[in-house]
Amino acid sequence: MTNPPTAVTTHRPAAPPARPPSWPDPAEFRAAMARLAAGVVVVTTREADGTPRGFTATSFCSLSLDPPLILVCLAHTSSSFAAFDGCQDFAVSILSSEHTEVARRFATSGADKFPHGGHELSPSLLPVVAGALGQLDCRLHERHRAGDHTIMIGRVNGVRLAPGEPLVYYDRAFHTVTAPVPASSATD
């Protein structure tokens with residue numbers, strides 16, 4: 001007895017849900033977020049074959065003192081996403097005002113991010129930006145998917161510091177800090 005032919009059904013992906021009317025326009029949301037000045041870091045790791053990978057981030061902050069934890073966010077569309085999605089160790093270089101070109105290079109998809117010179121090895125043998133204000137060796141603590149990004153939480157295992165002025169990203173451009181606000185003008 002032969003089986004009757006089976007029907008082939010083609011499933012088309014469902015259209016993305018419409019943006020709820022209560023959500024802001026994406027361009028307006030980006031413009032609002034551009035109003036927040038942020039420090040600039042380069043995050044690096046190695047693929048399983050030893051190839052260094054990295055990206056520029058401004059979504060970075062300290063999370064906990066005990067244990068020492070930081071968090072950094074990475075877009076799922078990043079060319080480095082696969083390497084970081086599978087890594088267990090990564091390093092963070094806190095950039096100085098002299099690292100504008102480094103920040104641009106690591107933010108450019110397809111760029112040679114590790115040309116000869118400009119980086120050194122951390123104690124855990126990860127590439128870090130030479131002369132960075134701070135270099136943090138991190139072990140992955142947790143990873144969370146959130147919207148179109150992944151939040152990586154790292155336990156800081158080592159810190160190296162250097163002098164200098166910070167690089168800041170504000171209103172879609174790199175800036176330097178020109179003068180501190182006097183303590184009497186600061187708010188709590």
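Brief remarks on what is shown
- Global form of segment 103-188, assessed from the alpha-carbon gyration tensor, a/c cut-off 1.5: rounded
- Percent carbon-and-sulfur accessible area, the chain, ignoring ligands, DNA and RNA, probe 1.4 Å: 57 percent
- Residue-wise HN-Hα coupling along segment 136-144, computed from phi with Karplus coefficients 6.51, -1.76, 1.60 (Hz; x: Gly, Pro): 10, 8, 10, 10, 4, 9, 8, 9, 10
- When the surface is traced with a 1.4 Å probe over the full set of protein chains, Leu125 keeps roughly 110 Å² accessible.
- Ser184 - accessible surface, heavy atoms, 1.4 Å probe, Å² rounded to 10: 110 Å²
- Per residue of the chain, the DSSP helices (runs of n ≥ 4 H) give a summed -39500 (n - 2.57) that works out to -3000 deg cm²/dmol at 222 nm.
- For the chain, the relative contact order works out to 23 percent when only alpha carbon pairs closer than 8 Å and six or more residues apart are counted.
- Solvent-accessible ranking of Arg104, Arg160, Arg145, largest area first, probe 1.4 Å: Arg145, Arg104, Arg160
- Most to least accessible of Met152, Met33 (protein chains only, probe 1.4 Å): Met33, Met152
- For the chain, the solvent-accessible area of protein heavy atoms averages 65 Å² per residue (probe radius 1.4 Å; ligands and nucleic acids excluded).
- Inter-site label distance for Ala27 and Cys61 at 7 Å from Cα along Cβ, in nm: 2.9 nm
- For the chain, the Kirkwood estimate of hydrodynamic radius, built from reciprocal distances between every pair of different alpha carbons, is 18.8 Å.
- Heavy-atom accessible area order for Val159, Val72, largest first, 1.4 Å probe: Val159, Val72
- Cα shape, segment 26-68, gyration tensor, a/c 1.5 rule: oblate
The values are calculated or read from the model by the stated rules, or taken from the named source; none is laboratory data. The structure presented is a predicted model; accordingly, all values stated were derived computationally and were not measured. So basically every Cβ, Gly included, is an ideal-geometry build from the backbone, and we count neighbours across all protein chains shown. Quick note on the areas: whole protein, heavy atoms, side chains included, nothing else; ligands and nucleic acids left out. Shrake-Rupley method; radii C 1.70, N 1.55, O 1.52, S 1.80 Å.
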